[in-house]
Ligand SMILES: C[S@@+](CC[C@H](N)C(=O)[O-])C[C@H]1O[C@@H](n2cnc3c(N)ncnc32)[C@H](O)[C@@H]1O
């Protein structure tokens, strides 16, 4: 046993997470919570620095841990909606700058957000946001070749890159996004694919959407990983969270 108290704490946490991963009662109660809370649109309940963010809190914390570890220079996101995830990324990039003794306004760190429809009230709120200087907004479909070109241009000479995919959740769209952007991810960094959980939910959970079991981000991830051994699913994150919209969606680039 280690005498380092921090290492002792981390060892206990790791052991607890391993127990969680094989605890059927915890896993089924989390599943039950997820399905019920989804019906109540639980993911809409939260804000980040005053902007609505459409995420589960567990995934927000996981994102913070990933960003703290990877220390990206560029975060490329698809799916802006009200801008909460964009503001989350911008705020994390500012914190990384401060931790490194950099002036956030002078550093090259930034988040690039792509959305097919940046509604005027959301654009205004982002334009008025104090962290707007960290953001680039691109309006158009994330798989339109001209939009892909614009978004990828920001990655030239940008150092460590992290990609986050949270737009249209059909299999074909996510597969096309992975093909368009995942190669920008730096070794040791992540491509985070949200809403993979659709594959694990009851059939018909999204009656007004084109995605369902068999046609969603998780099916795209599994197909894409078959041809991309340079990425692996970070199961430690899934096992830690238990409740997440992104099971099998935290993809770490290993070479
Ligand atoms: C789930 S919301 C994004 C939530 C946001 N990431 C957050 O955490 O607050 C999905 C967004 O994807 C956008 N979207 C849908 N189809 C798209 C496409 N083809 N290209 C880019 N964005 C798209 C929608 O307009 C919507 O704003």
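Table for the structure above
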{"item": "Single unsatisfied condition, residue 54 versus (1) more than 30 Å from residue 145 (Cα to Cα); (2) touching a strand residue (DSSP E or B) at 6+ places or on another chain (Cβ under 9 Å)", "result": "(1)"}
{"item": "Among residues of the stretch 196-214, those that are farther than 20 Å from residue 232 by Cβ, away from the ligand (no atom under 14 Å from the Cβ) and outside any loop (DSSP other than H, G, I, E, B), counted", "result": "1"}
{"item": "Restricting the stretch 67-88 to residues that are more than 20 Å from residue 47 (Cα to Cα) and in a loop (DSSP other than H, G, I, E, B), the residue that is nearest to the ligand (Cβ to nearest atom)", "result": "72"}
{"item": "Any pair with Cβ under 8 angstrom, 6 or more apart, that starts in the stretch 127-150 at a residue that is within 24 Å of residue 92 (Cβ to Cβ) and ends at one that is in a strand (DSSP E or B) and away from the ligand (no atom under 14 Å from the Cβ)", "result": "134/110; 135/110; 136/110"}
{"item": "Any chance residue 202 is over 22 Å from residue 63 (Cβ atoms), surrounded by fewer than 16 Cβ atoms within 10 Å (Cβ to Cβ), in contact (Cβ under 8 Å) with a residue 60 or more places away in the chain and over 14 Å from the mean Cα position of the chain (by Cα)", "result": "yes"}
{"item": "Residue match in the stretch 22-29 (condition: touching a helix residue (DSSP H, G or I) at 6+ places or on another chain (Cβ under 9 Å), more than 16 Å from the ligand (Cβ to nearest atom) and not in a loop (DSSP other than H, G, I, E, B))", "result": "yes"}
{"item": "Matching residues, the stretch 66-83, being touching a helix residue (DSSP H, G or I) at 6+ places or on another chain (Cβ under 9 Å) and without any contact (Cβ under 8 Å) to a residue 40 or more places away in the chain", "result": "68"}
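We did not get these values from a lab; they are worked out from the coordinates using the rules stated. Keep in mind that what you see is a predicted model, and the values were worked out from it rather than measured. Virtual Cβ from ideal backbone geometry, glycine too; neighbours counted across all protein chains shown.
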